[in-house]
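Note sheet for the following structure.
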Amino acid sequence: MAALLTAAGPIVGETEPGTLFGAALQIDETSFAIFDIFTNNAGREAHFAGQVAGLLNERAAELVAGGWDDGVVANVHNFDILAIK
């Protein structure tokens, strides 16, 4: 997972103009998180239809407990940014 997330940064940067900010975090040896900020809902939708999401979807069964639907998608939380520095 760490290798996939490390490689993902440049791909997202080059192919997803609607993703303003993205950070992949390693919490501990087996736990990871992704934090992204999008220009709008279209940017978010493009992100989930993008190359990295496709690769993660393909490999989710081996990398994420619960696979794509019950692991990745079930843990996606959307928020509205009220203030930013």
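One line per residue, one yes/no per condition, for (1) surrounded by 13 or more Cβ atoms within 10 Å (Cβ to Cβ); (2) over 13 Å from Leu4 (Cα atoms); (3) modelled with pLDDT of 95 or more; (4) among the charged types (D, E, K, R):
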| site | (1), (2), (3), (4) |
| --- | --- |
| Glu16 | yes, yes, yes, yes |
| Asp28 | no, yes, yes, yes |
| Gly43 | yes, yes, yes, no |
| Arg59 | yes, no, yes, yes |
| Leu63 | yes, no, yes, no |
| Asn75 | no, yes, yes, no |
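Contact map, region 50-76: first residue over 13 Å from Phe32 (Cβ atoms) and in contact (Cβ under 8 Å) with a residue 40 or more places away in the chain, second residue β-branched (Val, Ile, Thr) and assigned to a helix (DSSP H, G or I), Cβ cut-off under 8 Å, separation 6 or more or different chains; pairs are Gln51/Ile11; Gln51/Thr15; Val52/Ile11; Val52/Val12. Here the condition is being part of a helix (DSSP H, G or I), out of contact with any helix residue (DSSP H, G or I) (no Cβ under 9 Å at 6 or more places or on another chain) and among the acidic types (Asp, Glu); of Glu45, Glu29, it holds for Glu45 alone. Looking only at region 55-79, filter to residues that are closer than 21 Å to Val12 by Cβ and in a loop (DSSP other than H, G, I, E, B); which one of those is farthest from the chain's Cα centre (by Cα)? Of everything passing the filter in region 55-79, Phe79 is farthest from the chain's Cα centre (by Cα).
Residue pairs whose Cβ atoms lie under 6 Å apart, separated by 6 or more positions or on different chains, with the first residue in region 19-35 and within 16 Å of Gln51 (Cα to Cα) and the second in a strand (DSSP E or B) and among the charged types (D, E, K, R), are Thr19/Asp36; Gly22/Asp36.
In region 1-26, of all residues being part of a helix (DSSP H, G or I), hydrophobic (A, V, I, L, M, F, W, C) and under 10 Å from the mean Cα position of the chain (by Cα), the one that is nearest to Asp80 (Cα to Cα) corresponds to Val12.
The values are calculated or read from the model by the stated rules, or taken from the named source; none is laboratory data. Quick caveat: nothing in here was measured; it's all calculated off a predicted structure. Positions of Cβ are generated from backbone atoms using ideal geometry, with glycine treated the same way; all protein chains shown enter the neighbour counts.
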